[in-house]
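Reading through the structure tokens given below for one structure.
The values are calculated or read from the model by the stated rules, or taken from the named source; none is laboratory data. If you're wondering where the values come from, they're calculated on a predicted model, not measured in any experiment. We place every Cβ from the backbone using ideal geometry, glycine too, and count neighbours over all the protein chains shown. Surface accessibility is based on the protein's heavy atoms, side chains included, excluding ligands, DNA and RNA. Shrake-Rupley method; radii C 1.70, N 1.55, O 1.52, S 1.80 Å.
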Amino acid sequence: MARFRNNKKKGFVKPVGKKQPGVDHVTGEKIPHSIVFSRGKLPGSLKQLQMDLRKLMLPYTAVNLKEKRRNNLKDFLNIAGPLGVTHFLMLSKTETAPYLKVARTPQGPTLTFKIHEYSLAVDVAQSQLRPRCPQDLFKNSPLIVLSGFGSGEQHLKLTTVMFQNIFPAIDVNTVKLSSCQRIVLLNYNKDTKLIDFRHYSIRLQPVGVSKRVRKFVQNHQVPDLKNLQDVSDFITKAGYGSESEVDDEAATVTLASDLGRINKASSKSAVKLQEIGPRMTLQLIKIEEGLCSGGVIFNAYGNEAEKKKEVKEEEDKINEEDADEDAEED
């Protein structure tokens, strides 16, 4: 039996452009991804520090990464390419101190830091009267702020570039204020040559609004007015309306857009930082050209040894000159 031909024309369907994975659709730049893992066996406190670092690197990290004892650096490097991983953060422990290595994949460089002191996120929260950790706090990457790294030394420049590229870049013209909820601060002390590593949450409060009114707007709860004669007493009564909080002009900003119910555009809001951890005190020990290998660009101990050697040579030279002068006098 003959088959009838369907002459009905098919409509043209415009192909939908797929978003390129791992690329910011606003800036068009590649989004850095990281893996936090250990090299060797870690004690319990350092294992928790590893989990805190994974949480800090959210959302572009493998927070539930499962490691095995037989895994080596090559195993992680093999999965880095397909998964778009750009940075490794490696924790290790020796008999003297714990260490943190930050490396760019696949060809380096690698920065090695000695961890002098550290505090876990749970320790920071327990030390606060009202710890703050909203559910959507880790929905976006943190901002990065570097202080004290502008001396012009090569190893500090490399450290600056490494930490700037480990988090996604932002466009100040298109960034949403609601996505800026965390900040990572690294402060370099040129005297001690130590780096203070801190992790804060960002909170905005309108200037000139009392604490009672602000809580009323935020919580949507009817206040208890049974002991008051009038609604105005809720605001004007001493102890209620006198709480202005944060009158420091340096800690206030003018918002470009609305943020929440009480922070409105073109109004002044106070910026408050609350530490959420982890906290570390780091010392840059070594910089290698490759991924945990290659030529050594910077070595803190090597430089100090060279300086001591130079000082000793100068002292020996001075002593020889003094001995020659004494011989001539004799």
Leu129 paired with Gln107, simple spin-label distance in nm, labels 7 Å along Cα-to-beta-carbon
5.5
Interchain or sequence-distant (5+) residues whose placed amide H lies within less than 5 Å of the amide H of Leu291 are Gly108
Contour minus Cα-Cα span, Ile183 to Arg70, at 0.36 nm per residue, comes to 37.2 nm
Would you please state which residues of region 74-101 a label at Arg39 would reach in this model, taking the label point 7 Å out along Cα→Cβ and a backbone N cut-off of under 20 Å?
74-81, 85-101
Over region 63-142: Kirkwood hydrodynamic radius from C-alpha pairwise inverse distances, Å:
15.7
Convert each backbone phi in region 142-148 into a coupling constant with the Karplus relation 6.51 cos²θ - 1.76 cosθ + 1.60 (shift: θ = phi - 60°), then list the ³J(HN,Hα) values in order as whole Hz, x for Gly and Pro.
x, 7, 10, 10, 10, 10, x
At 1.4 Å probe size, with no ligands or nucleic acids counted, give the accessible surface of Met51 in Å², nearest ten.
80
With label points set 7 Å from each Cα along the Cα-to-Cβ direction at Gln48 and Val175, the distance between them in nm comes to 3.2
Heavy atoms only, probe 1.4 angstrom, no DNA, RNA or ligands counted: give me Thr192, Thr160 ranked by accessible area, highest first.
Thr192, Thr160
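Could you give the length gained on full extension between Thr96 and Glu29, defined as 0.36 nm per residue of separation minus the Cα-Cα distance, in nm? Before the final figure, lay out the partial values.
Numbers: separation 67, 0.36 × 67 = 24.12 nm, distance 4.07 nm.
Taking 0.36 nm per residue and subtracting the Cα distance, the gain is 20.1 nm.
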Can you run phi through the Karplus equation (6.51, -1.76, 1.60; θ = phi - 60°) for region 105-111 and list ³J(HN,Hα) in whole Hz, with x for Gly and Pro?
9, x, 10, x, x, 10, 9
Given the protein chains as shown and a 1.4 Å probe, how many square angstrom of Arg279 are accessible, to the nearest 10?
80
Pseudo-spin-label distance His116 to Val63, built 7 Å along Cα→Cβ, given in nm, is 3.2
Over 24 Å between alpha carbons, listed pairs Lys30/Lys286; Lys157/Lys190; Lys101/Lys272; Lys68/Lys101; Lys101/Lys157
Lys30/Lys286; Lys101/Lys272
To the nearest 10 square angstrom, what accessible area does Ser127 show with a 1.4 Å probe?
90
Using modelled backbone amide H atoms (1.01 Å from N, in-plane), which distant-in-sequence or interchain residues come within less than 5 Å of Gly148's amide H?
Tyr188
